[in-house]
Amino acid sequence: MTYSQFRTKQHSFQSSEGAIKYIDQGQGNVIVLLHGVPTSGWLYRKMIDSLSKNHRVIAPDMLGFGSSDSPEGYEIYSEENHAKRIVALLDHLEVDTWTHVMHDAGGLWTWELLKNHPERISKLIVLNTITVSYTHLT
């Protein structure tokens, strides 16, 4: 698959800060594939077709990455704001819980998401990420 072909498969979600592009493919239990820095959902291009045979796969380009909007500012890209946008996207897609795959700085966004919505992630798959310590995460 070329990058142009990948982009034609992407949908668009309008967050309050800008458009987030994402792949939403397949049916069944949801797997979210979250990239890190400086990548995008394109990182998972070789996995999406296989996984989507038995699952619904969602692979966003987080704000500031890939095909998504890149608004100016610093605070807009905080871990808290990225986490809020992940939840907003999945609420928009009517997804309550999911298996969450994270890579690299996607871990920072995920830890923040888990701090505020631990019930949303049913399974967590960690790929080479940044760790943090939260006393209330178990």
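Some points to look at:
- Residue among 16, 52 that is polar (S, T, N, Q), farther than 19 Å from residue 129 by Cβ and either surrounded by fewer than 19 Cβ atoms within 10 Å (Cβ to Cβ) or within 15 Å of the chain's Cα centre (by Cα) (or both): 16
- Of the set (1) out of contact with any helix residue (DSSP H, G or I) (no Cβ under 6 Å at 6 or more places or on another chain); (2) closer than 20 Å to residue 16 by Cα; (3) not aromatic (Phe, Trp, Tyr), all apply to residue 121 but (2).
- Looking at the stretch 24-138, the strands (runs of 3 or more DSSP E) lying wholly inside it that each contain 1 or more residues that are farther than 23 Å from residue 1 by Cα and among the polar types (S, T, N, Q) sit at 98-104, 121-129.
- Selection over the stretch 85-112 of residues that are without any contact (Cβ under 8 Å) to a residue 40 or more places away in the chain and more than 11 Å from the chain's Cα centre (by Cα) gives a count of 6.
- Being closer than 20 Å to residue 36 by Cα and open to solvent by less than 10 Å² (accessible area, probe 1.4 Å) holds for only one residue in 113, 108, and it is 113.
Here is a yes/no grid of residues against (1) out of contact with any His (no Cβ under 7 Å at 6 or more places or on another chain); (2) of a type in the set (Val, Ile, Thr); (3) within 18 Å of residue 101 (Cβ to Cβ); (4) at pLDDT below 95:
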{"site": "1", "(1), (2), (3), (4)": "yes, no, no, yes"}
{"site": "13", "(1), (2), (3), (4)": "no, no, no, no"}
{"site": "17", "(1), (2), (3), (4)": "yes, no, no, no"}
{"site": "36", "(1), (2), (3), (4)": "no, no, yes, yes"}
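- Screening residue 32 with (1) loosely packed, with under 15 Cβ neighbours inside 10 Å; (2) in contact (Cβ under 8 Å) with a residue 60 or more places away in the chain gives one miss only, at (1).
- Qualifying residues in the stretch 66-121 (those that are out of contact with any strand residue (DSSP E or B) (no Cβ under 6 Å at 6 or more places or on another chain) and polar (S, T, N, Q)) - the one farthest from residue 8 (Cα to Cα): 116
- Selection of the stretch 81-100 for residues being among the hydrophobic types (A, V, I, L, M, F, W, C) and in contact with a helix residue (DSSP H, G or I) (Cβ under 8 Å, 6 or more places away or on another chain) yields 83, 86, 87, 90, 98.
- Boolean, residue 71 is at pLDDT below 95 and open to solvent by 20 Å² or more (accessible area, probe 1.4 Å): no
The values are calculated or read from the model by the stated rules, or taken from the named source; none is laboratory data. All figures in this text were calculated on a predicted structure; none of them were measured in a lab. Cβ sites come from the backbone with ideal geometry, for glycine too, and all protein chains shown count toward neighbours. All accessible areas refer to the heavy atoms of the entire protein, side chains included, with ligands and DNA or RNA removed. Shrake-Rupley method; radii C 1.70, N 1.55, O 1.52, S 1.80 Å.
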